[in-house]
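What follows is a short report on a single structure.
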Amino acid sequence: MNFYPFNDLEIISPRPLLFITGDKAHSKAFSEDAYQRALEPKELYYVKGAGHVDLYDRVDLIPFDKLTDFFNKYLK
């Protein structure tokens, strides 16, 4: 019953991974841990001033440009 989703993160590779976290999020350590474990290609993007739940529905903080650039680069 114990499951830690980052244990086998490297088996996802070589699929592109984009980690987005708020720079004020109490949970950003999880994104940083996942980023360190992941293989390339990968990106870690910090949203300035965002907390843990801000990126759920605060459309003024959601980095749509970053998402668009990432998907345009990797979804060909």
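The values are calculated or read from the model by the stated rules, or taken from the named source; none is laboratory data. Every value quoted in this text rests on a predicted model; they were computed, and no experiment measured them. Every residue, glycine among them, receives a Cβ derived from its backbone with ideal geometry; neighbour counts consider all protein chains shown.
Would you pick out the residues in the range 54-76 that are over 13 Å from the mean Cα position of the chain (by Cα) and β-branched (Val, Ile, Thr)?
Correct list: 59, 68.
Determine, yes or no, whether residue 56 is hydroxyl-bearing (Ser, Thr, Tyr) and not in a loop (DSSP other than H, G, I, E, B).
It is true that residue 56 is hydroxyl-bearing (Ser, Thr, Tyr) and not in a loop (DSSP other than H, G, I, E, B).
When the residues of the range 45-55 are filtered to those that are modelled with pLDDT of 95 or more and of a type outside the set (A, V, I, L, M, F, W, C), which remaining residue is surrounded by the fewest Cβ atoms within 10 Å (Cβ to Cβ)?
Out of the qualifying residues, it is 48.
Please go through the range 33-76 and give me each residue that is of a type in the set (Gly, Ala, Ser) and more than 17 Å from residue 23 (Cα to Cα), ordered by number.
38
Please work out which residue is farthest from residue 74 (Cα to Cα), limiting yourself to the range 1-53 and to residues that are under 13 Å from the mean Cα position of the chain (by Cα) and of a type in the set (S, T, N, Q).
27
A quick yes/no check of all residues on (1) in contact (Cβ under 8 Å) with a residue 24 or more places away in the chain; (2) among the β-branched types (Val, Ile, Thr); (3) surrounded by 14 or more Cβ atoms within 10 Å (Cβ to Cβ); (4) out of contact with any strand residue (DSSP E or B) (no Cβ under 6 Å at 6 or more places or on another chain):
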position: 2; (1), (2), (3), (4): no, no, no, yes
position: 8; (1), (2), (3), (4): no, no, no, yes
position: 13; (1), (2), (3), (4): yes, no, no, yes
position: 24; (1), (2), (3), (4): yes, no, yes, yes
position: 43; (1), (2), (3), (4): yes, no, yes, no
position: 60; (1), (2), (3), (4): no, no, no, yes
position: 64; (1), (2), (3), (4): no, no, no, yes
position: 75; (1), (2), (3), (4): no, no, no, yes
